[in-house]
Amino acid sequence: MSGICGLFNLDGAPVAESDLRSLTAMLEQRGPERTGRWRKDNVGLGHTLLATTPELRFERLPLEHAETGCVITADVRLDNRDELGAALELPRPPDETGDAELILLAYLRWGPDCVDHLLGDFAFAISDPRSQSLFCARDQFGMRPFYYHHAPGQQFVFASDARAILVLPQ
């Protein structure tokens, strides 16, 4: 399983590159093949890859949707790729689209109700600059870990491994 992490500074403070780097470094044992980070203003998302499906060769996470600016990081294996692809009217075949991109497109179409259309194991977070929000979800059986810390009015931090959250001084 891959690793995901993120910081959402609720007080509007910019995310420090060093904090995001510390989070992803703690997850590299979960995803030794590739590490990705994305940071803008008060949001930062990270991903460490362990490629378990052929579709992952098409995906570089975190992934930003060019038109909306929404960004996703995900640890995911979808079982209904073809069904989702048909419902979303993808511009290319589903086998050329990564699972995280399918989730992002589902979110753009159905909003938070996108989880009602997903079958499989997943944990993900989507930064949505249109609403200045962070939408997080995990599959109903909790197969993919998702730990978080919420300091109201200050910060929301999440990761696939609780030890990653503990590296931050706050």
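If you fit an axis through the alpha-carbon atoms of helix 99-110 and take the longest principal axis of the Cα set of the chain, what angle between them do you get, 0 to 90°, nearest 10? Once rounded, one gets 90 degrees. Summed over the residues of the chain and divided among them, the accessible surface reaches 49 Å² per residue at a probe radius of 1.4 Å. Sparse packing (at most 12 other Cβ atoms within 10 Å of the Cβ) combined with a DSSP loop state is found for the following chymotrypsin sites (Phe, Trp or Tyr not before Pro) in region 112-170: Phe141. The sum of -39500 (n - 2.57) across all DSSP H runs of n ≥ 4, divided by the residue count of the chain, sets its helix-only mean residue ellipticity at 222 nm to -5500 deg cm²/dmol.
Calculated from the structure at hand, percent of Cα pairs over 27 Å apart is found among (1) 35; (2) 25; (3) 18 as (3). For region 103-170, trypsin sites (Lys or Arg not before Pro) meeting the loop criterion (DSSP other than H, G, I, E, B) and having at most 14 other Cβ atoms within 10 Å: Arg130. A DSSP coil position with no more than 13 other Cβ atoms inside 10 Å describes the following GluC sites (Glu not before Pro) in region 30-80: Glu33, Glu67.
In this label model, Arg92 and Tyr148 are separated by 3.1 nm, measuring between points 7 Å along each Cα→Cβ vector. Here the extension length gained between Arg21 and Asp116 equals 30.9 nm, from 0.36 nm per residue of separation less the Cα-Cα distance.
The accessible surface of the chain, taken with every protein chain in place and a 1.4 Å probe, is 50 percent carbon and sulfur.
The values are calculated or read from the model by the stated rules, or taken from the named source; none is laboratory data. Not measured: the values here are computed from a predicted model. Glycine gets a Cβ as well: all are built from the backbone with ideal geometry, and neighbour counts include every protein chain shown. Heavy atoms of the whole protein, side chains included, go into the accessibility calculation; ligands, DNA and RNA do not. Shrake-Rupley method; radii C 1.70, N 1.55, O 1.52, S 1.80 Å.
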